[in-house]
Each structure stands twice: as structure tokens, then as C-alpha cells.
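The values are calculated or read from the model by the stated rules, or taken from the named source; none is laboratory data. The model shown is predicted, which means the values in this text are computed figures rather than measured ones. Reconstructed Cβ throughout: ideal geometry from the backbone, glycine too, with neighbour counts over all protein chains shown. For the accessible areas, the whole protein counts, side chains as well, though only heavy atoms, and no ligand, DNA or RNA atoms are used. Shrake-Rupley method; radii C 1.70, N 1.55, O 1.52, S 1.80 Å.
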Amino acid sequence: VQLQASGGGLVQAGGSLRLSCAASGINFRDYTMNWYRQTPGQERELVATITSGSTTDYADSVRGRFTVSRDNVRRTMYLQMNSLKPDDTAVYSCKTAYRGRNYWGQGTEVTVSS
């Protein structure tokens, strides 16, 4: 199982970014996918979840600003991030659980300047 996250970068506060997480090695459509983020010295935070049935859930800190989606044909999950704030600065990683084991993408860095 491999997850490849991309799309991070530097953006001004109020701006937008779209992250992507491309999956291989699993039947992507059958699995729940997650976005997490982490800043140095902080616990990893669950940001968004999308189930195999495309039910979504969000951390309170991003609800209404971020949207998670998936394209089962492209085996890719997305995170559309709007109205970005400096507090959203972090390394964002994607994750799935397959046969009892967690698999993580390598992370993509998002920096929001004030």
C-alpha cells in the first residue's frame, strides 16, 4: 500500500489550496481515508475523514472551510482548503487502515502567512 500526498505550499491568509492523496496497492473505493496534520511539538490532529460511502467528518477547527472528497476512478482523495489561517500551517498527511494496519503518506507542508 502506498499513499502519495501532494499540493502543499505557501499561501497568504484567506487563500486556498487543494491537497491530493493518491493511493495504490488497495481497492481504494472500499476504504475510509483520513487527512491529518501536525506541527512541531504538537499531537497529530485528525482533520477530515471520508468513508467508502463518501460520508465526511471534520475537526471543529476546519469545519465549514475544508472539504474532503474522493475520486475512486483516480484512486485519489482531495482536501480543498479555503479561508486558510496561519493556524492551519502544518504538515498534512493522508492515512488509511488496511488489514489492521495503518498506512501513511509522506506528508505535504502547508504554510499560511499572515
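Just to confirm a number: summing +1 for Lys and Arg and -1 for Asp and Glu over residues other than residue 75 whose beta-carbon lies under 13 angstrom from that of residue 75, what do you get?
Its environment carries a net charge of +1.
What part of the accessible area of the chain, given as a whole %, is carbon or sulfur when the probe is 1.4 angstrom? Let's see the in-between values first.
Details: 2540 of 6160 Å².
Result for the chain: 41 percent of the exposed heavy-atom area is carbon or sulfur.
In debye to the nearest 20, how big a dipole does the chain give about its Cα centre with +1 on each Lys and Arg Cβ and -1 on each Asp and Glu Cβ?
Magnitude of the dipole: close to 360 debye.
Please report, for the Cα atoms of the chain, the Rg to one decimal and the Dmax as a whole number; what are they, in angstrom?
For the chain, the Cα radius of gyration and maximum Cα-Cα distance read 13.3, 42 Å.
If you take every residue apart from residue 104 with its C-beta less than 12 Å away from the C-beta of residue 104, what net charge results, scoring Lys and Arg +1 and Asp and Glu -1?
In short, +3.
Using modelled backbone amide H atoms (1.01 Å from N, in-plane), which distant-in-sequence or interchain residues come within less than 5 Å of residue 85's amide H?
14
Taking the Cα centre of each part, how many Å lie between region 34-66 and region 74-89?
Value for the Cα centre distance between the two parts: 9 Å.
Under a Cβ-Cβ cut-off of 10 Å, what is the net charge of the residues other than residue 1 that fall near it, where Lys and Arg count +1 and Asp and Glu count -1?
Local charge sum for residue 1: +2.
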